[in-house]
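The values are calculated or read from the model by the stated rules, or taken from the named source; none is laboratory data. Remember, predicted model here, so these are calculated numbers, not experimental data. Note that each Cβ is placed from the backbone with ideal geometry, even for glycine, and that neighbours are counted across all protein chains shown. Only protein heavy atoms, including side chains, enter the accessible area calculation; ligands, DNA and RNA are left aside. Shrake-Rupley method; radii C 1.70, N 1.55, O 1.52, S 1.80 Å.
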Amino acid sequence: MTLPGTLHVVGAGLAGLAAGIAAAKAGARVVVHEAAGHAGGRCRSFLDERLGRVIDNGSHLVLGANRTTLAYARATGGIEAMVAAPAAFPFKDLVTGKSWTVTPKRLPAGIGEILKALGLPWTGKAETVAGRLGGTPSFARLWQPMCEAIMNTAPDEASARMFAWTMRKALLGGADALTPWIFPGGLSAALVAPAEATLSLFGGEIRFRRRLKTVTPRALVFDEAEIPLGPDDRVILALPPWVAAALLPGLVPDLATRPIVNAHFRCAQPVELPHGSHFLGMVNASGHWLFVRGDVLSVTVSAAGALVDLDNESIADRLWDEIRRTLGMPPIPPPPYRIMKEKRATLAHDNHTVVRRPGASSGRDRVYLAGDWIASPWPCTIEAAISSGLAAARLALARPGLTF
Ligand SMILES: Cc1cc2nc3c(=O)[nH]c(=O)nc-3n(C[C@H](O)[C@H](O)[C@H](O)COP(=O)(O)OP(=O)(O)OC[C@H]3O[C@@H](n4cnc5c(N)ncnc54)[C@H](O)[C@@H]3O)c2cc1C
């Protein structure tokens with residue numbers, strides 16, 4: 001059954017794609033408008049000419065606990081381009097030289113610490129992760145890397161309540177909750193291209209290079225086009241928070257963000273991480289997580305405030321030196337590299353910001369909001385983005401039971 005009117009989704013990141021797919025499958029006429037020449041937003045792959053490889057804007061990991069993401073990937077077929085890796089998280093400390101592996105059954109922490117991390121018996125609304133777990137024996141080798149990876153926020157400002165919620169989902173969320181899902185063919189092959197194909201299959205379309213400048217009750221005004229809005233039309237703004245705040249002043253708050261830096265190095269030959277793992281956590285280092293894909297080694301620096309302002313060469317030198325020492329390589333200069341700085345990668349998940357995330361209603365009639373920054377118990381992640389898109393489609397179509 002075709003529904004009356006058109007659903008205009010602005011932004012073809014994962015939130016916009018999720019909203020578009022759910023609505024198109026339910027019979028809505030969907031048009032997605034995207035400012036860039038490609039979909040995927042902050043979660044995408046591209047061919048890097050210098051490296052001669054398809055790389056991601058940043059290495060991403062999804063956990064089994066991210067149920068809505070997996071439902072989206074199954075519905076689009078993108079799951080075929082994802083691999084469930086063993087639930088084993090190897091770490092190496094660059095100062096002590098020690099290595100260890102964290103598994104669901106082998107957490108390097110005592111029961112008292114684990115209960116604290118899970119938020120028990122009670123977590124104050126002003127508590128930070130460092131305030132709650134900072135003095136514990138496992139802080140540096142477990143809770144700090146988890147906090148930086150999941151929340152992209154330093155432990156001394158990260159919300160302990162939000163961290164505890166994600167820990168409960170990961171550690172108590174069922175046998176597969178800690179399963180890491182990786183993207184051997186890149187993010188776009190799994191989360192973007194199959195979604196675009198699914199949208200098209202259900203009659204939806206994406207119009208690229210359309211930057212929304214203004215939204216009024218009667219029209220969407222783009223750089224070079226104006227689209228009148230009829231009485232049955234609906235709008236979902238699936239935009240980054242700072243763009244939504246500029247378009248809807250007074251309705252969307254200004255929210256603090258934090259950067260992520262990624263460095264991709266193309267090595268002379270394929271590289272193997274210890275135990276054949278796809279990734280490795282680095283402790284006491286500027287780099288946090290090392291990922292390997294064939295001959296490309298990629299390192300992620302979360303909450304990268306101290307690094308983001310350095311020039312690319314200094315960043316590459318520093319991170320390559322750490323990689324080299326982690327993998328026991330001789331002192332050779334960095335191979336060809338690409339530095340990606342996402343200056344506003346996610347919100348700052350501090351106690352002030354997380355409670356100010358707005359809901360999906362924009363305050364304007366028939367205009368809804370989506371994006372990883374919309375109110376959610378999840379930090380800004382793929383799961384938050386896709387869930388927000390589904391929630392916005394449910395509201396816009398008045399179909400609370402809508403799924404992918
Ligand atoms: C480096 C990095 C690493 C990450 N790692 C992980 C991870 O390991 N696991 C995880 O779960 N999450 C991770 N994330 C977070 C995840 O990528 C984001 O939460 C998610 O991609 C956000 O999707 P979104 O649709 O909400 O926003 P966006 O991806 O920002 O999409 C918004 C879209 O709107 C478009 N747009 C902007 N302005 C306009 C305009 N005026 N008109 C029209 N279109 C416009 C943009 O071009 C973009 O396509 C990471 C993010 C980064 C940057």
Study note, to complete from the structure: Here FRET efficiency (C-beta to C-beta, ASP309 to ARG218, R₀ 41 Å, nearest 0.05) is 0.40
Review point. Could you work out the helix-only [θ] at 222 nm for the chain, with each DSSP H run of four or more residues adding -39,500 (n - 2.57) and the total divided by the number of residues, to the nearest 500 deg cm²/dmol?
Key: -7500 deg cm²/dmol
Revision key, fill the gap. Note, the stretch 249-261: 3J(HN,Hα) by Karplus (6.51, -1.76, 1.60, θ = phi - 60°), whole Hz, Gly/Pro = x, goes x, x, 9, 10, x, 6, 10, 5, 10, 9, x, 10, 10
**Study point:** Per-residue HN-Hα couplings for the stretch 191-199 [Karplus 6.51, -1.76, 1.60; θ = phi - 60°; Hz; x = Gly/Pro]
**Key:** 10, 10, 4, x, 5, 4, 5, 5, 4
Study note, to complete from the structure: Taking Cα atoms only, helix 14-25 is inclined relative to the longest principal axis of the chain by an angle, in degrees rounded to 10, of 40
Check your understanding: Each label point is 7 Å from the Cα along the Cα-to-Cβ direction; what then is the distance between the points at LYS98 and VAL355, in nm?
Key -> 3.7
Check your understanding: Taking Cα atoms, how many degrees apart are the long axis of helix 382-397 and the longest axis of the chain, rounded to 10 and kept between 0 and 90?
Key -> 10
Study note, to complete from the structure: Per the C-alpha gyration tensor (a ≥ b ≥ c, the square roots of its eigenvalues), the stretch 194-261 is rounded if a/c is under 1.5, else prolate if a/b beats b/c, else oblate; here it's oblate
**Study point:** nm² value of the averaged projected area, convex hull over the Cα atoms of the stretch 247-320
**Key:** 7.3
Study note, to complete from the structure: Between ALA246 and ALA268, the two model label points (7 Å from Cα along the beta-carbon direction) sit apart by a distance in nm of 4.6
**Study point:** Scattering curve values for the stretch 321-404, log₁₀ I(q)/I(0), Debye with Cα scatterers, q = 0.12, 0.23, 0.26 Å⁻¹
**Key:** -0.55, -1.09, -1.23
Practice item. Name the residues whose placed amide hydrogens come within less than 5 Å of the amide hydrogen of THR128, ignoring near sequence neighbours (fewer than 5 apart) on the same chain. Key: ALA160
**Study point:** Vicinal HN-Hα couplings computed from phi for the stretch 68-74 (Karplus, 6.51 cos²θ - 1.76 cosθ + 1.60; Hz; Gly/Pro x)
**Key:** 5, 4, 5, 5, 4, 5, 5
Review point. Under 19 Å from the Cα of LYS341, which lysines turn up, not counting those fewer than eight places away in the same chain?
Key: none
Exercise for review: Find me the longest stretch of the chain that has none of the exposed GluC sites (Glu not before Pro), where exposed means in a DSSP loop (not H, G, I, E or B) with at most 15 other Cβ atoms within 10 Å.
Suggested key: 50-223
Check your understanding: Heavy-atom accessible area per residue, the chain, 1.4 Å probe: how many Å²?
Key -> 42
Review point. Could you state the principal axis extents of the C-alpha atoms in the chain, from the largest down, to the nearest angstrom?
Key: 65, 52, 38
Practice item. Please grab the % of Cα pairs in the stretch 55-203 that end up more than 25 Å from each other. Key: 38
Exercise for review: Pick out, in residue order, every one of the chymotrypsin sites (Phe, Trp or Tyr not before Pro) in the stretch 186-289 that is DSSP loop and has at most 14 other C-beta atoms within 10 Å; say none if there are none.
Suggested key: PHE208
Exercise for review: With viscosity set to 0.692 mPa s and temperature to 37 °C, compute the Stokes-Einstein D of the stretch 181-308, Rh being the Kirkwood radius across alpha carbon pairs; µm²/s, no decimals.
Suggested key: 174
Point to revise | Sequence ranges 135-147, 294-306, 94-106, ranked by mean other-Cβ count within 10 angstrom, highest first | key: 294-306, 135-147, 94-106
**Study point:** Relative contact order of the chain, defined on C-alpha pairs under 8 angstrom at six or more residues apart (%)
**Key:** 25
Point to revise | Segments 393-400, 256-263 sorted - mean Cβ within 10 Å per residue, highest first | key: 256-263, 393-400
Exercise for review: Specify, per residue and in Å³, the volume enclosed by the convex hull of the alpha carbon atoms belonging to the stretch 1-87.
Suggested key: 119
Review point. Hey, what angle do you get for helix 160-172 against the long axis of the chain, alpha-carbon based, 0 to 90 degrees rounded to 10?
Key: 80
Point to revise | Two-decimal Rg/Rh across the stretch 105-174, once Rg and the Kirkwood Rh are taken from alpha-carbon atoms | key: 0.91
Practice item. State the percentage of accessible surface on the stretch 105-174 attributable to carbon and sulfur atoms; use a 1.4 Å probe and exclude ligands, DNA and RNA. Key: 60
